[in-house]
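Take a look at the following structure, please.
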Amino acid sequence: MSSPPLSMQQDATSLHRDQSQEQRQEQRQEQRQEQPSWVLQGKDLKRRFIQGGLDVAVLNGVDIDLAKGQSIAVVGASGSGKSTLLHLLGGLDALDAGEVHLMGHSLTGLGARALGQLRNRYVGFVYQFHHLLPEFNAWENVAMPLWIRREKAPRAKALACELL
């Protein structure tokens, strides 16, 4: 039995390649659909503070979803729970009830080391009263979390400068 002509082999190879590309594109699309569209999600967040005889429910069932690229403002009167909410969402404080997910990772039950790694990778805090290190310039202050993550100095500088 003879081999098919070369042009038929090329057509079959080309068809196989096209099908493979289509399959890869479909797989990538399915993976994108499986990934959550939100980067930060808080569900039924509750936090209370008890001091002496005073019991204050600062947050009572707060829900929040933050999608990639979305910006929000947290506003309210002094003492209304803005900082408490941000501390809970950033994994800096423990919830009394509810759940926080950051980039698909539940913060519930994580130890200090795992929380620190997630914060270093995904969270940036800009405080009302900035806490820059005066002995470092602007890009060095921005690069600090990258150095903590053990990013190489040239890459850290490039990323920090890009952000500035």
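The values are calculated or read from the model by the stated rules, or taken from the named source; none is laboratory data. Just so it is clear, the model here is predicted, and its values are computed rather than measured. FYI the Cβ positions are ideal-geometry reconstructions off the backbone, even for glycines, and counts take in every protein chain you see. Only protein heavy atoms, including side chains, enter the accessible area calculation; ligands, DNA and RNA are left aside. Shrake-Rupley method; radii C 1.70, N 1.55, O 1.52, S 1.80 Å.
Among (1) within 22 Å of Ser37 (Cβ to Cβ); (2) touching a strand residue (DSSP E or B) at 6+ places or on another chain (Cβ under 6 Å); (3) not aromatic (Phe, Trp, Tyr), there is one condition Arg119 misses while meeting the rest; what is its number?
Condition not satisfied by Arg119: (2).
Which members of region 64-110 meet the condition of being part of a strand (DSSP E or B) and out of contact with any Asp or Glu (no Cβ under 9 Å at 6 or more places or on another chain)?
First, the residues of region 64-110 that are part of a strand (DSSP E or B): 64-67, 97-102, 105-106.
Correct list: Ile64, Asp65, Leu66, Ala67, Val100, His101, Leu102, His105.
Next question, about the same structure. How many residues does region 23-50 hold that are within 30 Å of the chain's Cα centre (by Cα) and at pLDDT 75 or above?
13
Checking Val62 against (1) at pLDDT 90 or above; (2) within 18 Å of the chain's Cα centre (by Cα), which test does it fail?
Evaluating Val62 over (1) at pLDDT 90 or above; (2) within 18 Å of the chain's Cα centre (by Cα) leaves (2) as the failure.
Checking the structure you have, find out if any residue of region 118-137 is touching a residue at least 40 places away in the same chain (Cβ under 8 Å) and open to solvent by 40 Å² or more (accessible area, probe 1.4 Å). Break it down stepwise before answering.
Filtering region 118-137 for residues touching a residue at least 40 places away in the same chain (Cβ under 8 Å) gives 122.
Still in the list and also open to solvent by 40 Å² or more (accessible area, probe 1.4 Å): 122.
Within region 118-137, one or more residues are touching a residue at least 40 places away in the same chain (Cβ under 8 Å) and open to solvent by 40 Å² or more (accessible area, probe 1.4 Å).
Follow-up question, since we're still on this one. Within the set of pairs 6 or more residues apart or between chains, which connect a residue that is under 20 Å from Ala97 (Cα atoms) inside region 61-84 to a residue that is among the polar types (S, T, N, Q) and open to solvent by less than 60 Å² (accessible area, probe 1.4 Å) with Cβ atoms less than 6 Å apart?
Asp65/Gln41
Follow-up question, since we're still on this one. Do you know which of the residues in region 97-109 that are touching a residue at least 24 places away in the same chain (Cβ under 8 Å) and surrounded by fewer than 15 Cβ atoms within 10 Å (Cβ to Cβ) is farthest from Leu40 (Cα to Cα)? Spell out the reasoning first.
First, pick out the residues of region 97-109 that are touching a residue at least 24 places away in the same chain (Cβ under 8 Å): 97-104.
With the extra rule that they be surrounded by fewer than 15 Cβ atoms within 10 Å (Cβ to Cβ), the set shrinks to 97, 99, 104.
On the way: Ala97: 17, Glu99: 11, Gly104: 8 Å.
Within region 97-109, the match that is farthest from Leu40 (Cα to Cα) is Ala97.
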